[in-house]
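Participant: Mind having a look at this structure? Questions to follow.
The values are calculated or read from the model by the stated rules, or taken from the named source; none is laboratory data. Source: prediction; values computed, not measured. Cβ: placed from backbone, ideal geometry, glycine included. Neighbour counts: every protein chain shown.
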Amino acid sequence: MKNFFRKVAFGLKPEEKTPSDPLTWAQKQVETIPELNWKGKHIYSEKEMRKYWITQRVEENTTLRKKYKNDPKGLEIAERQLENDTGGKFWKNYELSIRHAEGVRSNHPVLAKLWYFWGNHFTISKTQRLHQYSTAAYQREFLRDNMDKTFETMVYEGTIAWPMIMHLDNKDNIGPKSESARQEWRRKEKRPATLNENHARELMELHTISPEAGYTQEDVQELAKIMTGWRPKWTKKSDQGTDVRFMSERHEPGKKNVLGKTYKRGRKSLKIVIKDLVNHPSCREFIATKLCRYLITDHPTKQMIAPIIKAWEQSDGHLPEVHKAAIKVTFEYNDKYKKFQNPENWWLQTINMSGATYAYPIPEKRMDTYKLGNILREDLREPDWMLEDLGYHPYLAQQPNGYSDFSSDWMSTELIIRRLLYAKKAFHRYNSEDQVDQYIHEKIIHNNFDNPDKILKILSKAKSNEEKHMILFNLPEVLRA
């Protein structure tokens with residue numbers, strides 16, 4: 001049953017005591033949301049991060065484009081310098097460090113792994129520089145912070161959050177019959193007010209009921225009308241970086257009909273329609289299936305998802321109860337199914353099981369480049385390029401549907417070869433006992449596998465600890481939890 005600790009978390013450290021009651025150990029971790037385990041100087045809020053986005057956006061779109069109007073090369077150099085000054089490349093590393101500290105340093109790795117699930121479910125893809133400044137803060141404040149509340153709360157707060165409004169273009173969603181649509185300047189500039197369906201479509205398709213609910217294009221349009229007016233106000237100094245608010249002058253008047261139910265106009269209609277979406281049977285089944293696919297198997301059965309749906313119904317979607325049910329189902333089916341770990345979860349498993357301290361200092365010169373102060377010195381720092389190489393950077397998804405949870409999408413020859421290379425890099429890069437303790441791999445294996453003799457026999461043929469590391473963390477027993 002030891003692979004259960006890798007299914008719901010990232011395995012056990014070499015010296016970590018095996019929990020006597022694995023199920024209770026796992027379920028207790030999702031009851032409350034503790035403070036983040038970050039040891040750095042500061043955790044920047046979504047609003048604080050947005051200021052960097054505003055600086056980048058306003059400076060780029062006004063001053064630089066005007067200054068270098070006829071100098072493309074000069075514009076490129078200036079944009080690169082501006083990106084350095086606002087930490088555009090730095091922030092992804094900083095945020096990954098905060099994220100991964102929860103997986104390998106905290107006392108609640110099960111909560112962390114489920115947090116990563118929700119971050120992928122409510123994906124913010126690589127667009128409008130959100131991945132550099134806002135995506136991670138969104139996942140902390142609007143997803144993780146709501147994991148002790150209801151799914152309805154998570155969906156509502158995640159839907160009207162500034163990063164998601166920007167990501168899915170609801171800022172451009174204006175009622176064709178609204179007060180704003182009738183303004184004279186629109187006719188003069190030939191810029192009619194139109195619906196933007198992006199956010200409404202993804203709210204139904206990806207975040208709540210899924211296509212299995214049988215909604216129509218008309219339902220999407222009607223939901224888009226309900227969502228008109230939710231946007232930040234544009235200003236010259238902050239571009240679209242102001243707080244999201246409901247702007248009634250841009251809201252489509254009249255009643256709307258979604259999935260056979262009528263909704264009145266106004267601010268409250270969005271909250272009401274979200275309540276109806278998350279309480280739709282298709283929503284419960286969709287989320288329960290995705291949880292099982294993430295934790296247990298590519299093809300969950302009705303028997304697997306039934307207890308999760310039941311817990312949802314009994315608790316009105318209270319996420320701790322939903323998570324506990326998913327964990328229990330994972331425990332009960334643990335010896336029957338193996339789940340191929342996605343690249344990020346595999347990487348954290350590699351670090352955690354080897355007992356790596358996962359820290360190294362950042363040179364003074366590097367910090368000065370970004371003009372951001374001593375934020376990460378002597379603390380965990382994650383190389384984001386490595387996750388890009390493995391095909392799974394949590395802030396760089398290419399599409400709103402996020403990364404696949406199907407094993408086949410991560411089993412190409414190229415991606416497996418890269419895991420071999422990064423197992424080697426992990427051995428050399430991080431402060432791991434692997435480099436000095438000749439018995440470290442025996443400890444890892446005995447602490448994390450029910451069939452240690454088989455794995456030890458394979459590793460006995462390796463000529464060095466480095467080679468053992470590469471083999472161990474790419475064995476089928478490790479790749480599939």
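Participant: When you scan the stretch 19-29, do you find a residue that is touching a strand residue (DSSP E or B) at 6+ places or on another chain (Cβ under 6 Å), surrounded by fewer than 22 Cβ atoms within 10 Å (Cβ to Cβ) and touching a residue at least 12 places away in the same chain (Cβ under 8 Å), even just one?
Facilitator: So far as the stretch 19-29 goes, no, none of its residues is touching a strand residue (DSSP E or B) at 6+ places or on another chain (Cβ under 6 Å), surrounded by fewer than 22 Cβ atoms within 10 Å (Cβ to Cβ) and touching a residue at least 12 places away in the same chain (Cβ under 8 Å).
Participant: Now, a different point. Here is a list of conditions, (1) closer than 30 Å to Tyr333 by Cα; (2) touching a helix residue (DSSP H, G or I) at 6+ places or on another chain (Cβ under 6 Å); (3) in the same structural domain as Gln349 (by TED's automatic domain parsing), and Ala101 meets all of them except one; can you say which number that is?
Facilitator: Single failed check for Ala101: (2).
Participant: Now for a different question. Please state which of the following conditions Cys292 fails to meet, knowing it meets all the rest: (1) at pLDDT below 95; (2) outside any loop (DSSP other than H, G, I, E, B).
Facilitator: Single failed check for Cys292: (1).
Participant: Applying the selection to the stretch 323-377, what residues are at pLDDT 95 or above and small (Gly, Ala, Ser)?
Facilitator: Ala325, Ala326
Participant: A further question on this structure: Report whether or not Lys89 is surrounded by fewer than 21 Cβ atoms within 10 Å (Cβ to Cβ) and either under 17 Å from Leu387 (Cα atoms) or in contact with a Leu (Cβ under 7 Å, 6 or more places away or on another chain) (or both).
Facilitator: yes
Participant: Check whether at least one residue in the stretch 210-220 is of a type in the set (Phe, Trp, Tyr), more than 29 Å from Asn61 (Cβ to Cβ) and not in a helix (DSSP H, G or I), and report yes or no.
Facilitator: Initially, the stretch 210-220 is screened for residues of a type in the set (Phe, Trp, Tyr), giving 215.
Next, only the ones that are more than 29 Å from Asn61 (Cβ to Cβ) stay: 215.
Among the residues that remain, those that are also not in a helix (DSSP H, G or I) are: 215.
Yes, the stretch 210-220 contains at least one residue that is of a type in the set (Phe, Trp, Tyr), more than 29 Å from Asn61 (Cβ to Cβ) and not in a helix (DSSP H, G or I).
Participant: Separate question: Considering only residues that are assigned to a strand (DSSP E or B) and over 22 Å from Thr194 (Cα atoms), which ones fall in the stretch 224-278?
Facilitator: Going through the stretch 224-278, the residues assigned to a strand (DSSP E or B) turn out to be 230-232, 235, 239, 244-246, 256-258, 261-263.
Passing the criteria: only Lys261.
Participant: Note down all Cβ pairs under 6 Å where the first residue falls in the stretch 456-481 and is assigned by TED's automatic domain parsing to the domain that holds Trp410, the second is of a type in the set (Lys, Arg), and they're at least six residues apart or on different chains.
Facilitator: Partner pairs satisfying both residue conditions: Leu459/Lys468; Ala462/Lys468; Met470/Lys424; Asn474/Arg419; Arg480/Lys338; Ala481/Arg6; Ala481/Lys7; Ala481/Lys339.
Participant: Can you give me the number of residues within the stretch 161-177 that are crowded, with 18+ Cβ neighbours inside 10 Å and under 15 Å from Lys233 (Cβ atoms)?
Facilitator: Going through the stretch 161-177 one residue at a time, the tally reaches 7.
Participant: Name the residues in the stretch 181-233 that are of a type in the set (Phe, Trp, Tyr) and modelled with pLDDT under 90, would you? Let's see the steps before the verdict.
Facilitator: Our first condition is that a residue be of a type in the set (Phe, Trp, Tyr); within the stretch 181-233, this holds for 185, 215, 230.
Correct list: Trp185 only.
Participant: Something else about it: Report every pair of residues separated by at least 6 positions or lying on different chains whose Cβ atoms are under 6 Å apart, first residue within the stretch 260-279 and more than 14 Å from Thr150 (Cα to Cα) and in the same structural domain as Gln217 (by TED's automatic domain parsing), second modelled with pLDDT of 95 or more and assigned to a strand (DSSP E or B).
Facilitator: Taking only residues 6 or more apart or on different chains, the pairs are Tyr263/Lys256; Arg267/Phe246; Ser269/Tyr263; Val273/Val258; Val273/Tyr263.
Participant: Only one of (1) more than 13 Å from the chain's Cα centre (by Cα); (2) surrounded by fewer than 20 Cβ atoms within 10 Å (Cβ to Cβ); (3) in contact (Cβ under 8 Å) with a residue 60 or more places away in the chain is not met by Val104, so which one is it?
Facilitator: All conditions pass for Val104, except number (2).
Participant: Sticking with this structure for a sec: Pick out the one residue from Tyr133, Tyr138 that is over 22 Å from Asp316 (Cβ atoms), touching a helix residue (DSSP H, G or I) at 6+ places or on another chain (Cβ under 7 Å), of a type in the set (Phe, Trp, Tyr) and modelled with pLDDT under 95. Steps first, please.
Facilitator: Numbers: Tyr138 fails: modelled with pLDDT under 95.
None of the other options fit; the residue is Tyr133.
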